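Undergrad: Supplied in structure tokens, the structure appears directly below.
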Amino acid sequence: MAVTDAPRIVTSRIGYDDSFTLERYLSTGGYEALRKALAMTPEAVAAEVDAASLLGRGGAGFPAGRKWSMLRRDPVTYLVVNGDESEPATFKDHLLVERDPHQLLEGVLIATYALQVTRAFIYLRGEFALGLERLQHALNEAYDHGAVGSDIFGSGFSVDVVVHPGAGAYICGEETALLESLEGKRGFPRIKPPFFPAAIGLYGQPTVVNNVETMSNLPWIVLHGGKAFAALGEGRSTGTRLFALSGHVRRPGTYEVEMVKTTFRDLVYAPVYGGGVPGDREIKAFIPGGVSAPWFGPERLDLPLGQDEVANAGSMLGSGAITVMDSTTCMVRAAWRITRFFARESCGQCTPCREGSGWLERVLRRIEHGGGRDEDLDLLLDASDNIAPGLTWPPQQTTICVLGPSIPSSIHSAIDMFRDEFLLHVKEGRCPVG
Amino acid sequence: MTHFSPDMAARARELVSLYPEPRSALIPLCHLAQEQDGWLRPEAMEEIAGLVGVTAAEVRGTATFYDMLHTEPVGRYLVSICTNIACLLGGAEELLAHAERTLGVRAGRTTPDGVITLEDAECLAGCDRAPCVTVNHRYVGGLSADAFDQLVADLRAGRRGDEIPAHGTLVRVRRNGGLRVEGAQVAAERAAMSAAQADRARAAHDASGAGDG
Ligand SMILES: Cc1cc2nc3c(=O)[nH]c(=O)nc-3n(C[C@H](O)[C@H](O)[C@H](O)COP(=O)(O)O)c2cc1C
Ligand code: SF4
Ligand code: FES
């Protein structure tokens, strides 16, 4: 089992009961990276992040350094941190916010300095009641400590940070929907172009949007240097990454592992991570990167946890959510539940997504409940093809955001891998698995 | 006569002051209203509209987009059971069926005594403790049927009050003051920084002898 001795970059403190307090943070090197950054030029800080080759941890994996360099110059610019975390089976930002809110804040402050933004907003999923409390409390402590506000640590640099609650809508994780929501509107994704909020973002001003985990890596990168970060992992996937492991494993949880050097099998079976499948049952399939990702069969377990490695195999690491389904799993039910999620969460702006998701959900529901028809499998693939023509990976974009084209992933995977199981459902009106 | 209590009104004003445009405070203010009333009363939406400078219809139109904002009354405790993929694999559908049976209401409905509203929820980002259950958005862990019954008994008897406060996700959130830096000051500083940065970049470019010369 490959469990590498890579340092824990974002989870070094979570073992402490009081990991979220300023006292613990300061006694474990907290806010030293911010002091160091403030003594550098903003460009030098950005150059370290660029050298780290830090890929965004929100799902799309865009290099943070490159995104930062695209920020249009303007006296008024914003940093918005995406803490909406609603992709099913993703629960890593939740951990970072509740267990190490100061680390997140320090990362945010480093970014505000490197980017010279006017203000930062941290958009947290509204359901994170404890997270909102912990983060706001940490922010209050940071203000009192002189780490945020006017003339931070006597450096002459000033910036305010605002913690903002969402109110329950998956689509608000999509960055342009998030900006709409932050402006106090319905979370409708914005029509592209402009493709990046770096040109036109919050209130029409240039804005960088980054994920919570992306920000939480910054203190380490500033303290140890971008090169040290890039020395971990391999190829484009540098550093460590948090994976949220769920489903049929003995020890579900969030694990920080070195990228590429670790495989899916390591994560699922190593005693320090997943610890294997309960009852030592066989794995039927697993979802490598959140419910928008195509599924893999057990023959893919030896793939390395790297962005390009997984993409080349036809799926994505996405949000870092890995869900294991063992031999007792009914695949019709799994595909139906995931599709029901999309049908509920589609914002309704685009016809293929709004109508398609409802259609697919109804067909899957009737198969699951014993009312399936012979033509249903073709119907499912046909309707899927209407949303994402050709059912390619990555999918073709037919809609305003990528939620729509992500809907067919699980359906296509399930039918492709378990056609006989679907046919038996239709023929016998019940589940062959039990 | 305002609908918000004086304390709420003060918190509402502070929230509005945190944003370049008041409308950004709309959702946080809805959370405050739910903290005070348990749900979004029409009077509250009127008042929020006035505070952020939109119509009450716009407040309602926005609020109905969001699952956490209730334009109809809900029970004292919102019990949410996640049935999404990770929890499904951990027995969520069976737990939800059990909950519907013992509470005597379908998901989405409130018990006749007004204590519990049952919700069939999407992923709550607590997937490592499946099936994930929250009460008023406080995690109470992955629950067995027996543990669920105990939870319900506790809620009805008012035994979990400390751990599970009333509605309003901001009920225990307070900021220690408003913004500390003037927007105009920040903008001026940033413009100067931006200019200096451009100068440095130009100087570095010249020094490296790049260009067409
Ligand atoms: C439907 C949808 C949901 C998304 N949800 C999230 C989310 O919850 N958190 C997140 O950080 N990014 C989410 N994203 C990705 C964001 O649009 C954006 O790429 C990301 O926040 C950028 O940060 P990063 O570059 O640091 O990864 C979502 C994208 C889509 C299309
Ligand atoms: S693809 Fe779906 S979620 Fe995205 S904008 Fe269109 S309707 Fe909304
Ligand atoms: S799938 Fe249930 S909490 Fe995430």
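The values are calculated or read from the model by the stated rules, or taken from the named source; none is laboratory data. Please read all numbers here as calculations on a predicted model, not as lab measurements. Cβ placement follows ideal geometry from the backbone for every residue including glycine, while neighbour counts extend to all protein chains displayed. For the accessible areas, the whole protein counts, side chains as well, though only heavy atoms, and no ligand, DNA or RNA atoms are used. Shrake-Rupley method; radii C 1.70, N 1.55, O 1.52, S 1.80 Å.
Undergrad: Would you kindly identify the strands (runs of 3 or more DSSP E) lying entirely within the stretch A:197-291 that contain at least 3 residues that are more than 27 Å from A:PRO63 (Cα to Cα)? Steps first, please.
TA: On the way: elements: A:207-211, A:240-247, A:253-258, A:283-287.
Because the criterion is at least 3 residues that are more than 27 Å from A:PRO63 (Cα to Cα), the strands (runs of 3 or more DSSP E) in the stretch A:197-291 that meet it are A:283-287.
Undergrad: Now for a separate question. Report, by residue number, each residue of the stretch A:175-194 that is open to solvent by 10 Å² or more (accessible area, probe 1.4 Å), within 14 Å of another protein chain (Cβ to nearest Cβ) and outside any helix (DSSP H, G or I).
TA: A:GLU183, A:LYS185, A:ARG186, A:PHE188
Undergrad: I would also like to ask the following. Can you pull out the residues in the stretch A:1-32 that are closer than 21 Å to A:GLU256 by Cα, among the aliphatic types (A, V, I, L, M) and open to solvent by less than 50 Å² (accessible area, probe 1.4 Å)?
TA: Across the stretch A:1-32, the qualifying residues are A:ALA2, A:ALA6, A:ILE9, A:VAL10, A:ILE14.
Undergrad: Right, something else. Quick check on the stretch B:52-61. Is at least one of its residues among the acidic types (Asp, Glu) and within 22 Å of B:GLY161 (Cα to Cα)?
TA: Checking the stretch B:52-61: not a single residue is among the acidic types (Asp, Glu) and within 22 Å of B:GLY161 (Cα to Cα).
Undergrad: What residue, of B:THR62, B:THR83, is in contact (Cβ under 8 Å) with a residue 24 or more places away in the chain, away from ligand 3 (no atom under 16 Å from the Cβ) and polar (S, T, N, Q)?
TA: B:THR62
Undergrad: Which condition from (1) more than 14 Å from chain B (Cβ to nearest Cβ); (2) more than 16 Å from ligand 1 (Cβ to nearest atom); (3) β-branched (Val, Ile, Thr) is the one that A:THR399 breaks?
TA: (2)
Undergrad: Would you check which residues across the stretch B:114-139 are within 12 Å of another protein chain (Cβ to nearest Cβ) and open to solvent by less than 20 Å² (accessible area, probe 1.4 Å) and list them?
TA: Within the stretch B:114-139, B:ALA121, B:CYS123, B:LEU124, B:ALA125, B:GLY126, B:CYS127, B:PRO131, B:CYS132, B:THR134, B:VAL135, B:ASN136 qualify.
Undergrad: A further question on this structure: Restricting to the stretch A:195-231, name every residue that is within 24 Å of A:LYS36 (Cα to Cα), surrounded by fewer than 20 Cβ atoms within 10 Å (Cβ to Cβ) and of a type outside the set (D, E, K, R). Give the steps one after another, and end with the answer.
TA: Residues of the stretch A:195-231 within 24 Å of A:LYS36 (Cα to Cα): A:208-231.
Those still in the list that are surrounded by fewer than 20 Cβ atoms within 10 Å (Cβ to Cβ) too: A:223-225, A:227-228, A:230-231.
If the condition is that a residue be within 24 Å of A:LYS36 (Cα to Cα), surrounded by fewer than 20 Cβ atoms within 10 Å (Cβ to Cβ) and of a type outside the set (D, E, K, R), then A:LEU223, A:HIS224, A:GLY225, A:ALA228, A:ALA230, A:ALA231 are the ones that fit.
Undergrad: Does the stretch A:117-135 hold any residues that are over 27 Å from A:PRO206 (Cβ atoms) and open to solvent by 10 Å² or more (accessible area, probe 1.4 Å), and which are they?
TA: Residues satisfying the conditions are A:GLU127, A:LEU130, A:GLU133, A:ARG134.
Undergrad: Test B:GLU93 against the stated conditions and say whether it is within 11 Å of another protein chain (Cβ to nearest Cβ), closer than 30 Å to A:PHE342 by Cα and surrounded by fewer than 19 Cβ atoms within 10 Å (Cβ to Cβ).
TA: So B:GLU93 fits the description; yes.
Undergrad: Going by what's in this entry, would A:ARG344 be described as of a type outside the set (Gly, Ala, Ser), within 16 Å of ligand 3 (Cβ to nearest atom) and touching a helix residue (DSSP H, G or I) at 6+ places or on another chain (Cβ under 6 Å)?
TA: In short, no.
Undergrad: Of all residues in the stretch A:272-287, how many are closer than 19 Å to A:ILE14 by Cβ and away from every other protein chain (no Cβ under 14 Å)? Before you say what the answer is, go through the steps one by one.
TA: The first filter runs over the stretch A:272-287 and keeps only residues closer than 19 Å to A:ILE14 by Cβ, leaving A:272-275.
Okay, now just the ones that are also away from every other protein chain (no Cβ under 14 Å), so A:272.
Result for the stretch A:272-287: 1.
Undergrad: If I ask for residues that are in contact (Cβ under 8 Å) with a residue 60 or more places away in the chain and either part of a loop (DSSP other than H, G, I, E, B) or more than 16 Å from ligand 2 (Cβ to nearest atom) (or both), which ones from the stretch A:150-174 would you list?
TA: Hits for the stretch A:150-174 are A:ILE152, A:PHE153, A:SER155, A:PHE157, A:GLY166, A:ALA169, A:GLU174.
Undergrad: Failed condition for A:GLY290, given (1) open to solvent by 30 Å² or more (accessible area, probe 1.4 Å); (2) of a type outside the set (A, V, I, L, M); (3) within 11 Å of chain B (Cβ to nearest Cβ), with all others met?
TA: (1) is the only condition that A:GLY290 fails.
Undergrad: Are there any pairs, at least 6 apart or on different chains, whose C-beta atoms fall under 7 Å, with the first in the stretch A:337-360 and within 11 Å of ligand 2 (Cβ to nearest atom) and the second basic (Lys, Arg), and if so, which?
TA: Close Cβ pairs satisfying both conditions: A:SER346/A:ARG354; A:GLY348/A:ARG354.
Undergrad: Taking the residues in the stretch B:142-170 that are at pLDDT 95 or above and within 20 Å of A:VAL162 (Cα to Cα) as candidates, determine which candidate is farthest from the chain's Cα centre (by Cα).
TA: Looking at residues that are at pLDDT 95 or above and within 20 Å of A:VAL162 (Cα to Cα), I get B:LEU170.
Undergrad: Only one of A:ARG340, A:ARG344, A:ARG366 is open to solvent by 20 Å² or more (accessible area, probe 1.4 Å), assigned to a helix (DSSP H, G or I) and more than 12 Å from every other protein chain (Cβ to nearest Cβ). Can you tell me which?
TA: Checking each option against the conditions leaves just A:ARG366.
Undergrad: So, one more: Are any of the residues in the stretch A:105-125 within 16 Å of ligand 1 (Cβ to nearest atom), within 27 Å of B:LEU69 (Cα to Cα) and facing another protein chain (nearest Cβ under 9 Å)?
TA: yes
Undergrad: Could you look through the stretch A:213-234, keep only residues that are within 20 Å of the chain's Cα centre (by Cα) and small (Gly, Ala, Ser), and pick out the one that is nearest to A:ASN82 (Cα to Cα)?
TA: A:SER216
Undergrad: Which one of the conditions (1) more than 16 Å from ligand 2 (Cβ to nearest atom); (2) within 25 Å of A:PRO189 (Cβ to Cβ); (3) away from every other protein chain (no Cβ under 14 Å) does A:GLY372 fail to meet, given that it meets all the rest?
TA: If we test A:GLY372 against (1) more than 16 Å from ligand 2 (Cβ to nearest atom); (2) within 25 Å of A:PRO189 (Cβ to Cβ); (3) away from every other protein chain (no Cβ under 14 Å), just (2) comes out false.
Undergrad: Moving on to the next point. So which residues in the stretch A:77-90 are open to solvent by less than 10 Å² (accessible area, probe 1.4 Å) and more than 16 Å from ligand 2 (Cβ to nearest atom)?
TA: Answer for the stretch A:77-90, where residues must be open to solvent by less than 10 Å² (accessible area, probe 1.4 Å) and more than 16 Å from ligand 2 (Cβ to nearest atom): A:THR77, A:LEU79, A:VAL80, A:VAL81, A:GLY83, A:ALA89, A:THR90.
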